[in-house]
Amino acid sequence: MAKLLVTGGAGFIGSNFIHYWLKTHLQDEIINLDKLTYAGNLENLKDIEKNPNYKLVVGDITNVDIVGSLVKDCDAVVHLAAESHVDRSIMDAAEFIRTNVLGTQILLDAVKQYDKRFHHVSTDEVFGALTLESKNKFNENTPYHPTSPYAASKAASDHLVRAFIYTHKIAATISNCSNNFGPYQFPEKFIPLAVTNLLVGKKIPVYGDGLYVRDWLFVEDHCRGIDLILEKGRIGETYCLGGMTSEINNLEVIKKILKILGESEDKIELVKDRPGHDRRYAINWSKAKQELGYQPQFDFDRYLEKTVQWYQQNKNWWQNIKSGSYKDYYEKQYQ
């Protein structure tokens, strides 16, 4: 039996990870430390809030006292808490530096002090962009070249983890993942924004020419990859986690969603591109396969359809987010 501290567990990947872990590790306990910023949604976890192996702590990873007391009392930390929306980081980078860099440093200090296992979840965006013509993919040895304030803040946090591994010999690992999709994803993100817009009769905004290429990872495959790293990963190592699908551009993704929902392509609206938009991401996950036995199980087309169906079946969930009423859930349930 183990006790995990999960940071950012009320967010998209965090809530999926908690669901996954409680389903596959029946004896383990999870402490969820979440500040409940705009992307933290306790409705993501309402089906397990009565589970005796689950506990919520509302707090900030930059709070030294809260972090220290929780790290002291756990066996391992899975660090998912982060500001993660590129557009928001372009408008205002300050909170990204505070949460993603300072917050990681405070967690690392506590892990060092209490000698705990630490896994840091990062992104492929730290590597910058690949060209459409290139056949290269990101791997664990790809040089860092972040191109947005968000990516720069995550790159800084990765470097901090490596520095603590080298200098303080903490038992830590890092994973860099490709774009996640699935249930509970905040509807400002690409796939849920497209689906929810269509469900209310709106058009889908697509940046630039729409030919930006991504490698999509179903969120449960990501959770399984983290599990394998905690179980089998070599201390001090980084593992890249990608999806089953081949690379696909944004317009193709939108056309697939339109087909699933029986909508026409006139619902696509090309809009002004955002600054510094990375052209292509792609992950080579062969190291994780060779060392950990990692293998994505979820095909993109099939699970895109399942994801669309989830948003169709959970309209109250995303409508509460768009109206802002999801923030009332904490007060109703926990105050």
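Laboratory data are not the source of any read-out in this text; all were calculated from the coordinates shown. In this text, all values refer to a predicted model and were calculated from it rather than measured experimentally. Using ideal geometry, Cβ is built from the backbone for each residue, glycine included, and neighbour counts are taken over all protein chains shown.
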Mean Cβ-within-10 Å packing, highest first, puts peptides 83-93, 47-57 in the order 83-93, 47-57
Compute the relative contact order of the chain as a whole-number percentage, counting only Cα pairs closer than 8 Å that sit 6 or more residues apart in sequence. 18 percent
Name all residues of region 11-26 having a backbone nitrogen under 15 Å from the label point set 7 Å from the Cα of residue 47 along its Cα→Cβ direction, giving them as ranges. 15-24
Highest mean first, how do 283-296, 62-75 rank when packing is the count of other Cβ atoms within 10 Å averaged over residues? 283-296, 62-75
To the nearest whole percent, what portion of all C-alpha pairs in region 1-80 is separated by more than 14 angstrom? 56 percent
Of 21, 64, 38, which is farthest on the positive side of the dipole of region 15-69, counting Cα position, with +1 on Lys and Arg Cβ, -1 on Asp and Glu Cβ, and the Cα centre as origin? 21
Potential lengthening between residue 270 and residue 23 on full extension [0.36 nm per residue; Cα-Cα distance subtracted]: 84.8 nm
Given a cut-off of under 8 Å on Cα pairs at least six residues apart, what relative contact order in percent is computed for region 47-171? 29 percent
What is the percent of Cα-Cα separations in region 40-169 that go past 22 Å? 46 percent
What does the convex hull of the alpha-carbon atoms of region 92-208 project to on average, in nm²? 9.7 nm²
Could you tell me what fraction of 2.2 N^0.38 Å the Cα radius of gyration of region 256-335 comes to, as a two-decimal ratio? 1.63
In 20 Å bins starting at 0, how do the alpha-carbon pair distances of the chain split up by percent? 31, 61, 7
Give the order of 159, 120 when sorted by the count of other beta carbons within 10 angstrom, beginning with the fewest. 159, 120
Cα coordinate range in region 159-222, projected on the principal axes (Å, largest first): 54, 26, 17
For region 188-292, what number of Lys pairs, 8 or more residues apart or on separate chains, have alpha-carbon atoms under 12 Å from each other? 5
Positive-end residue of 298, 308, 139, charge dipole of the chain with Cβ unit charges: 298
Assuming a ≥ b ≥ c are the square roots of the Cα gyration tensor eigenvalues, decide whether region 236-288 counts as rounded (a/c under 1.5), prolate (otherwise, with a/b larger than b/c) or oblate. oblate
Taking the DSSP beta bridges in the chain as the whole, what percent of them are antiparallel, to the nearest 5? 5 percent
3J(HN,Hα) from dihedral phi, region 302-311, Karplus parametrisation 6.51/-1.76/1.60, rounded to Hz, x for glycine, proline: 5, 8, 5, 4, 5, 5, 4, 4, 4, 5
Scattering curve values for region 188-335, log₁₀ I(q)/I(0), Debye with Cα scatterers, q = 0.12, 0.14, 0.16 Å⁻¹: -0.65, -0.84, -1.00
Tally of Lys pairs whose C-alpha atoms are under 30 Å apart, taken over region 44-141, 8 or more apart or cross-chain: 10
Principal axis dimensions, largest first and in whole angstrom, of region 212-252 by Cα: 39, 19, 11
